[in-house]
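What follows is a single structure, written as structure tokens, with notes after it.
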There are 2 protein chains.
Amino acid sequence: MTVSAWIAYTQCMLTQKAKYGLRALCVLAAESGAHQPLPIHEVAQRAHVPHKFLEAILLDLRRHGFVESRRGKAGGYSMTRDPGEIRVSDIIRALDGPLAPIPCASLTAYQPCLDCENPKDCAIQHLMRQVRDATAAVLDGTTLADLAASEAAALAIHG
Amino acid sequence: MTVSAWIAYTQCMLTQKAKYGLRALCVLAAESGAHQPLPIHEVAQRAHVPHKFLEAILLDLRRHGFVESRRGKAGGYSMTRDPGEIRVSDIIRALDGPLAPIPCASLTAYQPCLDCENPKDCAIQHLMRQVRDATAAVLDGTTLADLAASEAAALAIHG
DNA sequence: AATAAACCCTATCGGTTTGATGGGAGTTTA
DNA sequence: TAAACTCCCATCAAACCGATAGGGTTTATT
């Protein structure tokens, strides 16, 4: 299932990787109460994510501490924390990097523009920091549980 | 002056092209009252933008109607409109494309996710539309005149 | 009319990221 | 031992990004 072959590429903040990751985590969040981990092929099927790509994504999410894995037969993935305590912003930061549209406007990964006249106090930086803050406000205020609930509600109405 | 050789690449919403474009437009906005157009090398120098790259950017901005050019000796670029009536969001859209972090959340360039279970009503789409709206609110609410004034003020203090 | 200064425009380049896959090694349970 | 998993390396094509080369065209001045 190659998606990039179907749609024209658009430079964007949310990569395919992060989108897949969010969908996968929604699936795992829904399974949060279960005792058994969910095998990767099950997650891939439910979240509509290519199996091998998901493998890389879940590996990444495990290293960032969002999920844990059990190997061998009857193995799979499960959440490590309550989905209500995981901010969407942290997931996206883990998979896609900083939220800010430009490094000099980032709080978590600040880097000055080397081609800027006065990198500490630049009009573009000011503006982009406002953008960053607005984005972070939305994404900090939404938890994985919120997202999963929203998706469950949408699915209940339509297909 | 190659910047990409100095800093690690970070996927970002505001490309170097848009950043350069905004800086160049600030320079032209400051010159907005003058009768003569500003030659490109002068813009390049004041905005710290590579000459040839700026050429491509100004061409783009001209095609989008933000600036006009006069050819031949004593030629150059000048604003077509009052900088106070140009939204920063429109400049960024012209140079970088849609503001939305993902095509399905865009108002100006909507495209459904082809790998989405129900593309019309998806939790991620909802959330990303909120992000888009928050971003647009900041960028729609700031004009080129605002940006240029902010930069002028910063320069008056430092540098 | 010659010349210089400026914009116009296409084509191209290297480097990097992105999305995606293959293949095998390791691990656990039955 | 076999089956069913995860782990992790290496690799790939396509796209994009930043930047530049090198002509062609237009205009003002002399």
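Tell me, please, whether a residue that is of a type in the set (Gly, Ala, Ser) and either within 19 Å of the chain's Cα centre (by Cα) or closer than 26 Å to B:Gln36 by Cβ (or both) can be found in the range B:61-69. Yes, there is a match, as at least one residue in the range B:61-69 is of a type in the set (Gly, Ala, Ser) and either within 19 Å of the chain's Cα centre (by Cα) or closer than 26 Å to B:Gln36 by Cβ (or both).
No other residue among B:Ala145, B:Ala94, B:Ala74, B:Ala100 is touching a helix residue (DSSP H, G or I) at 6+ places or on another chain (Cβ under 6 Å) and either part of a strand (DSSP E or B) or more than 25 Å from A:Lys19 (Cα to Cα) (or both) apart from B:Ala145. Taking residues in the range B:88-101 that are touching a residue at least 12 places away in the same chain (Cβ under 8 Å), and partners anywhere that are in a loop (DSSP other than H, G, I, E, B) and away from DNA strand D (no atom under 13 Å from the Cβ), the pairs with Cβ atoms closer than 6 Å and at least 6 places apart or on different chains are B:Val88/B:Thr142; B:Ala94/B:His64; B:Ala100/B:Ser106; B:Pro101/A:Leu14. Here B:Ile92 clears all of (1) surrounded by fewer than 20 Cβ atoms within 10 Å (Cβ to Cβ); (2) of a type outside the set (Asp, Glu); (3) under 11 Å from the mean Cα position of the chain (by Cα) except the condition numbered (1). Here A:Val49 clears all of (1) within 30 Å of B:Leu14 (Cα to Cα); (2) in a helix (DSSP H, G or I); (3) in contact with a helix residue (DSSP H, G or I) (Cβ under 7 Å, 6 or more places away or on another chain); (4) more than 11 Å from DNA strand D (Cβ to nearest atom) except the condition numbered (2).
Residues of the range A:126-142 that are among the hydroxyl-bearing types (Ser, Thr, Tyr) and part of a helix (DSSP H, G or I): A:Thr135 alone. Contact annotation: residue pairs with Cβ atoms under 6 Å, 6 or more positions apart or on different chains, pairing a residue in the range B:116-128 that is more than 7 Å from every other protein chain (Cβ to nearest Cβ) with a partner that is of a type in the set (A, V, I, L, M), are B:Gln125/B:Ala105. Count of the range A:38-69 residues, restricted to those that are surrounded by 15 or more Cβ atoms within 10 Å (Cβ to Cβ) and in contact with a His (Cβ under 8 Å, 6 or more places away or on another chain), is 2.
Assess whether A:Val43 counts as being over 12 Å from the mean Cα position of the chain (by Cα), more than 9 Å from DNA strand D (Cβ to nearest atom) and either away from chain B (no Cβ under 14 Å) or β-branched (Val, Ile, Thr) (or both).
Considered against the rule, which asks whether it is over 12 Å from the mean Cα position of the chain (by Cα), more than 9 Å from DNA strand D (Cβ to nearest atom) and either away from chain B (no Cβ under 14 Å) or β-branched (Val, Ile, Thr) (or both), A:Val43 comes out as no.
Among the residues of this structure, A:Ala152 does not count as one that is out of contact with any Pro (no Cβ under 9 Å at 6 or more places or on another chain), at pLDDT 95 or above, part of a helix (DSSP H, G or I) and more than 8 Å from chain B (Cβ to nearest Cβ).
Within the range B:52-78, track down each residue that is farther than 19 Å from B:Ile91 by Cα and more than 7 Å from DNA strand D (Cβ to nearest atom).
Residue satisfying the conditions is B:Gly76 alone.
Applying the condition of being at pLDDT 95 or above and acidic (Asp, Glu) to the range A:96-144 and asking which residue is farthest from A:Ala30 (Cα to Cα) yields A:Asp133. Residue count for the range A:111-159, restricted to those that are exposed (fewer than 15 other Cβ atoms within 10 Å of the Cβ) and closer than 28 Å to B:Gln125 by Cα: 10.
Taken over the range A:103-115, residues that are within 7 Å of another protein chain (Cβ to nearest Cβ) and in a helix (DSSP H, G or I) amount to 1.
The values are calculated or read from the model by the stated rules, or taken from the named source; none is laboratory data. Note that the structure is a prediction, hence the values are computed from the model and not measured. Cβ atoms come from the backbone with ideal geometry, glycine included; neighbour counts cover every protein chain shown.
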